[in-house]
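In what follows, a structure is listed as structure tokens, so that the remarks can point back to it.
The values are calculated or read from the model by the stated rules, or taken from the named source; none is laboratory data. Because the structure is a prediction, the values reported are computed rather than measured. Counting neighbours? That spans all protein chains shown, and the Cβs are built from the backbone with ideal geometry, glycine included. Note: areas computed on protein heavy atoms with side chains; ligands, DNA, RNA excluded. Shrake-Rupley method; radii C 1.70, N 1.55, O 1.52, S 1.80 Å.
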Amino acid sequence: MTEFPGVSYVMPVLNEADYLEEAVNSILTQDYDGEKELVIALGPSTDNTDVVARRLADEDARITLVDNPKGRTPIALNLAIKESIHPIIMRVDAHSELPSNYTRRGVETLYRVGAHDVGGLMDARGRTPVQRAIAAAYHSKFGFGGPAYHSGAPEGEAESAYLGIFRREVFDEVGFYDENMWRAQDWELCLRIRQAGHKVWFDPELKVGYYPRDTFKALARQSYASGTWRGEIARRFPEGKSLRHDIPPLLLAGVSLGSVALAVAPFMRNHAPRPVQALINVAASAPLVYVAATVAAGLTSKGEGIKEKLLTAGAFQSIHLPWAAGYLKGRIFGAAGTLDKGRVK
């Protein structure tokens with residue numbers, strides 16, 4: 001590159017005291033010759049996030065803080081974008097760490113391919129055995145069905161982009177994040193960008209270190225909220241429907257019916273016709289088959305050692321079943337008011 005346009009990083013933050021400083025350091029030490037600023041939108045955290053953020057802002061004039069009292073991600077992003085000044089907007093996350101070449105590569109790709117939004121790979125990682133197991137589930141196609149930003153794909157046009165590196169003018173043309181989309185706001189914005197005739201681009205060379213939720217309870221809550229908003233997307237937009245999104249609800253139905261069959265099978269052995277008993281036995285096998293499949297997938301995952309591989313099996317279940325329940329709720333009733341409670345302490 002011979003020209004290095006200024007970059008504004010925008011970061012929504014809520015209860016991120018344990019991760020914020022490392023994320024900020026990875027941003028402000030980027031190997032990039034253009035001007036940089038970081039705008040942090042502070043939600044109503046209940047930990048020491050605000051204390052950490054204010055200390056970092058006092059230490060570096062490139063950091064600007066804006067208040068986001070409602071705590072919603074799309075509101076935070078819009079506040080930060082409107083406060084920023086540079087021609088390139090990069091969405092970043094407090095749970096993420098950028099490799100040193102991320103900005104340079106992202107800006108190069110943006111102009112090289114003529115895109116208006118570029119994203120790359122979510123390189124999930126962990127600090128504890130449970131978090132590492134959850135990260136291994138993120139990397140597995142069995143976990144999320146193989147979206148490009150989880151498991152990789154060749155470089156090319158994409159439906160959506162992880163985080164997102166934008167030309168500022170695209171927001172003037174298509175508008176900002178939809179503040180009614182508490183989750184999945186990236187997908188909806190990318191839809192408007194594509195409908196305006198612009199490229200959304202996936203570059204597998206862009207890898208962002210990401211720390212997922214660190215308990216199964218938080219993961220399940222996140223998965224439920226994600227599934228609910230994905231159901232809302234499918235409900236609103238024909239482009240948001242995919243056959244792979246129907247698999248988890250079918251799985252949930254099979255596991256639920258199978259669990260009921262498993263419970264009633266002992267009482268039906270001497271009281272139901274043999275065809276009915278056979279049907280109940282087949283249905284009762286569904287939960288066992290699913291558990292066996294998650295264990296097999298866990299054992300072949302990137303988990304470190306047998307303990308983490310078995311924990312990864314539990315992570316699969318904490319992703320699939322809550323996501324499926326959420327998807328059904330969002331698809332039938334809508335997602336209004338559904339919050340990712342895994343982020344609220």
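Residue by residue through the stretch 277-299, note down the ones that are open to solvent by 50 Å² or more (accessible area, probe 1.4 Å), more than 22 Å from A313 (Cβ to Cβ) and touching a helix residue (DSSP H, G or I) at 6+ places or on another chain (Cβ under 7 Å).
Across the stretch 277-299, the qualifying residue is only N281.
Show me the helices (runs of 4 or more DSSP H) entirely contained within the stretch 147-221 in which 3 or more residues are in contact with a Lys or Arg (Cβ under 8 Å, 6 or more places away or on another chain), of a type outside the set (S, T, N, Q) and surrounded by fewer than 16 Cβ atoms within 10 Å (Cβ to Cβ).
Passing ranges: none, list empty.
Limited to the stretch 224-264, what total is found for residues that are among the hydroxyl-bearing types (S, T, Y) and either open to solvent by less than 10 Å² (accessible area, probe 1.4 Å) or on the phi > 0 side of the Ramachandran plot (or both)?
Matching residues across the stretch 224-264 total 1.
Quick one: in the stretch 300-326, of everything that is open to solvent by less than 60 Å² (accessible area, probe 1.4 Å) and of a type in the set (V, I, T), which residue is nearest to S256 (Cα to Cα)?
Across the stretch 300-326, the extreme among qualifying residues is I319.
Out of all the residues in the stretch 242-251, is one or more of a type in the set (K, R), in contact (Cβ under 8 Å) with a residue 24 or more places away in the chain and not in a loop (DSSP other than H, G, I, E, B)?
Within the stretch 242-251, one or more residues are of a type in the set (K, R), in contact (Cβ under 8 Å) with a residue 24 or more places away in the chain and not in a loop (DSSP other than H, G, I, E, B).
Among what's in the stretch 5-57 and is of a type in the set (F, W, Y) and in contact with a Lys or Arg (Cβ under 8 Å, 6 or more places away or on another chain), pick the residue that is farthest from K70 (Cα to Cα).
Y32
Does the stretch 327-343 contain any residue that is touching a Pro at 6+ places or on another chain (Cβ under 8 Å) and among the acidic types (D, E)?
No.
For the stretch 80-94, give me each residue that is buried (at least 20 other Cβ atoms within 10 Å of the Cβ) and over 10 Å from M11 (Cα atoms). Before you say what the answer is, go through the steps one by one.
Initial filter on the stretch 80-94 (buried (at least 20 other Cβ atoms within 10 Å of the Cβ)): 80, 84, 88-94.
If the condition is that a residue be buried (at least 20 other Cβ atoms within 10 Å of the Cβ) and over 10 Å from M11 (Cα atoms), then S84, I88, I89 are the ones that fit.
Say whether the condition of being touching a residue at least 12 places away in the same chain (Cβ under 8 Å), aliphatic (A, V, I, L, M) and within 28 Å of T215 (Cα to Cα) is met by at least one residue in the stretch 263-273.
No - not one qualifying residue is present in the stretch 263-273.
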